[in-house]
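What follows is calculated from the coordinates using simple rules that are stated; it is not laboratory data. What you see is a predicted model; the values in this text were computed from it and never measured. Positions of Cβ are backbone-derived with ideal geometry, glycine not excepted, and every protein chain shown enters the neighbour counts.
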Amino acid sequence: MAEKVLNIQDLSIWYKTYRGMSKVVDHIDMFVNKGEKVGLVGESGCGKTTTMKTILRVIDKDIIHVPNGTVEFNGKNVLKMNKDELLELRRKGASMISQSPMSALNPVFTIGEQLFDIIKFSGQYPKATKAEMIEVAKQAITSVMLSDPDRIMDSYPHQLSGGMRQRICIASSLVTPRDLLIADEPCTALDVTIQDQIHRMLRELVEEKGRSLIMITHSLGVARELVDRIYIMYGGNIVESCRTQDLFDNPSHPYTVGLMECVPRLSGGGLSAGIYGYVPDYVNPPEGCRFCPRCKDAKEICKKKRPPKVEISPEHFVSCFKYAGASASQSEEEGGAEKHE
Ligand SMILES: Nc1ncnc2c1ncn2[C@@H]1O[C@H](COP(=O)(O)OP(=O)(O)OP(=O)(O)O)[C@@H](O)[C@H]1O
Ligand code: SF4
Ligand SMILES: [Mg+2]
């Protein structure tokens, strides 16, 4: 059996807000094997960044509550780690390419100073001289297709373009090696040619160096090119997960089917059917299936009960009553299907 670098089980994450608990992430399961590339796809506001930040425990503990679940990184529960263990996790275990490069970079330090800090903090180059650290930093800068590393090292973030800042964020996640790289929509501010090169670089990094990757993206096309398995997230739930090819051969959850229909086609033919409506209000989420208000296939049971996770073919899981068959009606009678809290 493959070794898991990350194993999330039954995880829920709530934000404490003035309106009450915002129950964003809801009982999710997810794993990443060593050397595997995994995609996390879902529309804006479905909880992707919240989940990933929780892996690194970088959300202020005063604003979140984790009522249930475990997040195991190399076999250790991150949610129970002490300060030193957390430091070790962030130094050597996992790094995250942030979604917002402007807030990730410090405006009052040069790019060089910020990269040196990361190199020093990692503890991976304890005896490196200044010249060696400069070399490591320069290599990271050129690896993200930026020329003139000397100028960039001496620049402050505001002296770079948006796309350059985005690439510096990627470089700062790559400057020291980690087991798991979390890329949170790393290419949104980049043009398509650079996007392509960055995607190739991320794939090579994982394939050649045996690291693991979680690629968060809105684009099914990017996920198709880059990852081995895909998790589809909707309204804080993982609604479908399977091997990448399987998802495109046999998209099964109504939300996944809707997502596929939303992709514009080069052949034209007008606007797609789309998925009407909005992600749920997390303070008062729907009692049953969170996709129910937007689902064309919804039945009575979907309004009341949480859909069970069904393995419709090997390694292909769907959380939907459409696939629950006899067991759904049975659990309905027995009150077996879970209710939202
Ligand atoms: N600090 C916070 N306090 C309260 N709610 C928050 C906080 N941060 C995020 N949220 C809410 O959690 C939900 C999920 O946000 P998150 O950033 O995880 O979504 P996402 O899937 O990453 O979206 P996007 O694709 O736009 O980046 C949103 O409704 C958001 O408003
Ligand atoms: S459980 Fe029901 S409402 Fe939810 S996606 Fe399936 S059919 Fe639609
Ligand atoms: Mg996000």
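Here are some notes:
- In the range 1-47, the chymotrypsin sites (Phe, Trp or Tyr not before Pro) that fall in loop regions by DSSP, at most 14 other Cβ within 10 Å: Y18
- When the chain is treated as a GNM with alpha-carbon contacts under 10 Å, the residue of E135, E311, E43 showing the greatest mean-square fluctuation is E135.
- Antiparallel bridge percentage (DSSP; both residues within the chain; nearest 5): 65 percent
- Antiparallel DSSP beta bridges within the range 166-243, as percent of all bridges there, nearest 5: 55 percent
- Pairwise inverse Cα distances across the chain, averaged and inverted, put the Kirkwood hydrodynamic radius at 21.4 Å.
- Rule-of-thumb Rg ratio for the range 15-64 [Cα; 2.2 N^0.38 Å; N residues]: 1.32
- Comparing P126, P149, P308 in a Gaussian network model of the chain, where Cα atoms under 10 Å apart are tied by springs, the biggest mean-square fluctuation is seen for P126.
- Longest exposed-site-free window of the chain, the sites being trypsin sites (Lys or Arg not before Pro) in a DSSP loop that have at most 11 other C-beta atoms within 10 Å: 128-264
- When the Gaussian network model of the chain links Cα atoms closer than 10 Å, the mean-square fluctuations of E72, E225, E240 top out at E225.
- Helical segments meeting 27 Å axial Cα length and Kyte-Doolittle -1.0 threshold in the chain (DSSP H): none
- Alpha carbon Rg of the range 52-187, scaled by the compact-globule rule 2.2 N^0.38 Å: 1.11
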